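The values are calculated or read from the model by the stated rules, or taken from the named source; none is laboratory data. In this text the structure is predicted, and so the values were computed from the model without any measurement. A quick note on method: Cβ atoms are made from the backbone with ideal geometry, for glycine too, and the neighbour counts reach across all protein chains shown.
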Amino acid sequence: MTAAMLGTVGPASAESAPPARTAVTTADFEPYRPDAKAVTYNPDLVAVGSTATVRSMPTPDGKTMVLLYVEGLVADHQYGAHVHQKSCGAKAEDAGPHYQNVPDPVQPSVDPAYANPQNEIWLDFTTDRHGNALVNSFVNWQFTDRHAGSVVIHAEQTHTDAGHAGTAGDRLACVTVDF
């Protein structure tokens, strides 16, 4: 049996890391409460009652695809979105920094060598005239021993320039996902 079949990549073995798994969350955005799966921190840009679906799927060849579908956001509007380390909380910052396959030793991470769409999962999107959008991201790695906790929707599309790489403005909303 190969490492890819076991859901591991790199030097990890089936005994040292759990296999990657499929994760799905569908929820309506609401103000924070302890059991909320989708939290809005800015109802003007992510309305209470708007919806998000996040699906993370490992592939047999050691990659991961993450899909984000949103409904009911502001029409014809650009947003940034990324996978973050922790689940959603009462404050937007509670989701922690971006999940990075290879963690940047310097935090906050704004070095393009680490803050990039190959090392992180970026899901920037522009809504259609109805406020809906569908976006996906493929990365050449899987969540195994370290799992992420959420997808955060940001106020701006993601910057790529040195010193600002990975930044995308205020955190507008958060979806907890059991990656």
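Go through the range 76-127 and count every residue that is hydrophobic (A, V, I, L, M, F, W, C) and without any contact (Cβ under 8 Å) to a residue 24 or more places away in the chain.
Within the range 76-127, the subset hydrophobic (A, V, I, L, M, F, W, C) is 81, 83, 88, 90, 92, 95, 102, 106, 110, 113, 115, 121-123, 125.
When the remaining residues are screened for being without any contact (Cβ under 8 Å) to a residue 24 or more places away in the chain, the result is 102, 106, 113.
Result for the range 76-127: 3.
Mind checking which pairs have a first residue in the range 55-72 that is among the acidic types (Asp, Glu) and a second that is assigned to a strand (DSSP E or B) and modelled with pLDDT of 95 or more, Cβ under 6 Å, 6 or more apart or different chains?
Matching pairs, first to second residue: Glu71/Thr51.
Taking the stated definitions as given, is Val175 within 16 Å of Met57 (Cα to Cα), within 14 Å of the chain's Cα centre (by Cα), touching a residue at least 60 places away in the same chain (Cβ under 8 Å) and not in a loop (DSSP other than H, G, I, E, B)?
It is false that Val175 is within 16 Å of Met57 (Cα to Cα), within 14 Å of the chain's Cα centre (by Cα), touching a residue at least 60 places away in the same chain (Cβ under 8 Å) and not in a loop (DSSP other than H, G, I, E, B).
Which one is nearest to Thr51 (Cα to Cα), of the residues in the range 117-137 that are buried (at least 16 other Cβ atoms within 10 Å of the Cβ) and polar (S, T, N, Q)?
The extreme case among them is Asn132.
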